[in-house]
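Below is one structure; the comments refer to it alone.
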Amino acid sequence: MNPVTLPVVRWSARARLIAAVFVVASVAFGLWAHSSPRRTLTAELMAAGIFAASLFALAWASLFRITAEEEGLWVRSLRGGRRVRWEEIERVELIAQWQENGAIVRVATTDPAAAYHVVLMLRGGDRINLNRAMDGIDGLLAALGQKGALVLDDSILRAAVASDAYAVARGVAAVGRGAKMAKVALGAVLLTFIVSLGLASTRAFALTGNLFVDMGAVAALLLGAFAGAVALARALRARRFGSPSREGEPGAGDLVMIYAAALGGPLLLIWFVPRVVAGADEGRHIDVILVLMGLLLASVPLRAFYNHAFRS
C-alpha cells in the first residue's frame, strides 16, 4: 500500500480570521468602555462577555487540528491531545444538510462532495465531528479510504425515510431537530440579551423608563427584524428559482454568526462613526479600528442576504 499523505485538518483561514476579528473588536470595545468618561458597569460587563466568547471561539478554531501518524490520527483540541488508531474508527458518516420549510434536514449521503458534516464514529460510542468549513477534509477521506476505515453508514438515511411513514419516528426526529434548534436559540438569546441590555441602558432606547420592559421591547425588535429578513430572502429565492435551495442554505450555526454580525456591525458604526467625524483626539485610533470592524461585520448579513436571494 502506498503511504498515506494527509493534509492537516483544521478550521479554515476564513473561520480563524472571523474569530480573530471578533477578538480585536471586543478588545477595542473593552478599551473604549473602560476609558470613556461616561463608562458604565453595563458596558464593561458587555465587553467582558463578548471578549470571553470571541476568545474561546478563536482558541478553538486555532488549536483544533488532526494530523496523520503511522498508527492513526492525532487529534488536538482545547481538551488536549489524543491518539486515535485506525482500527478504532468503526465507520464514517457523510451527512448532507439543508433547510426546508423552516426545519433543518440531514440525511446520509455517499457523495463526499455533498457532505456538510463528516463524522468519525469510534469504538465505544465516541465521535469526532468535522465539517466543510475545515481545510483538509478531502485528504482525510482519501486517507480513510486507503486505510480501509471509510465505511459509509446509511442509518440516518433509513431513519429519515422511516420518519415519513411512522408517527413515532417523526416525533423522535422532531425532538432531535428541536434540541439542535434549542442550542441555536440559546446562542441567539444570549446575543440578544447582551445587546438589548446595552441599548436599553441608553436614552435613545429608554422607551418606558423600566429597564426590563425596555429590554424586552428591544429584544423583540431585533429578533423580529432578523426573522423578517430571513423570511424575505427565502421568499425572494423561491420566486426567482422556483424552489428552496438544498445547496448553500445557511445552517443553524451560520444563522447565529450572521445574526451576531447583523447586531455588532451597525452598533459599532452608530457608536463610533460620529466620534471619528467629530475628530475626537482621545482614542481616535481605537475609534477608527472599531468603525472598520463595524463595516466588515455589517457586510456579512448583506452578502448573505444577496447570495441566498439572488444567486443560484
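The values are calculated or read from the model by the stated rules, or taken from the named source; none is laboratory data. Bear in mind that the values here come from a model prediction, so they are computed numbers and not experimental data. So basically every Cβ, Gly included, is an ideal-geometry build from the backbone, and we count neighbours across all protein chains shown. Just so you know, the surface numbers come from the protein's heavy atoms only, side chains and all, with ligands and any DNA or RNA stripped out. Shrake-Rupley method; radii C 1.70, N 1.55, O 1.52, S 1.80 Å.
Here are a few things to note about the model shown:
- In the set (1) part of a loop (DSSP other than H, G, I, E, B); (2) crowded, with 16+ Cβ neighbours inside 10 Å, T110 fails one condition alone, (2).
- Scanning the range 195-235 for residues that are over 20 Å from A261 (Cβ atoms), in a helix (DSSP H, G or I) and touching a helix residue (DSSP H, G or I) at 6+ places or on another chain (Cβ under 7 Å) yields A200, L211, D214, M215.
- Scope the range 50-95; condition in a helix (DSSP H, G or I) and β-branched (V, I, T); matching residues: I50
- Count - residues of the range 261-301 that are closer than 20 Å to A225 by Cα and loosely packed, with under 14 Cβ neighbours inside 10 Å: 3
- Residue list for the range 1-12, filter: among the hydrophobic types (A, V, I, L, M, F, W, C) and modelled with pLDDT of 85 or more: V9, W11
- Test: A47 is in a helix (DSSP H, G or I) and either over 21 Å from the mean Cα position of the chain (by Cα) or surrounded by 14 or more Cβ atoms within 10 Å (Cβ to Cβ) (or both): yes
- Residue within the range 121-143 that is open to solvent by 60 Å² or more (accessible area, probe 1.4 Å), part of a strand (DSSP E or B) and either of a type in the set (G, A, S) or modelled with pLDDT under 80 (or both) present: no
- Residue within the range 200-213 that is charged (D, E, K, R) and surrounded by 17 or more Cβ atoms within 10 Å (Cβ to Cβ) present: no
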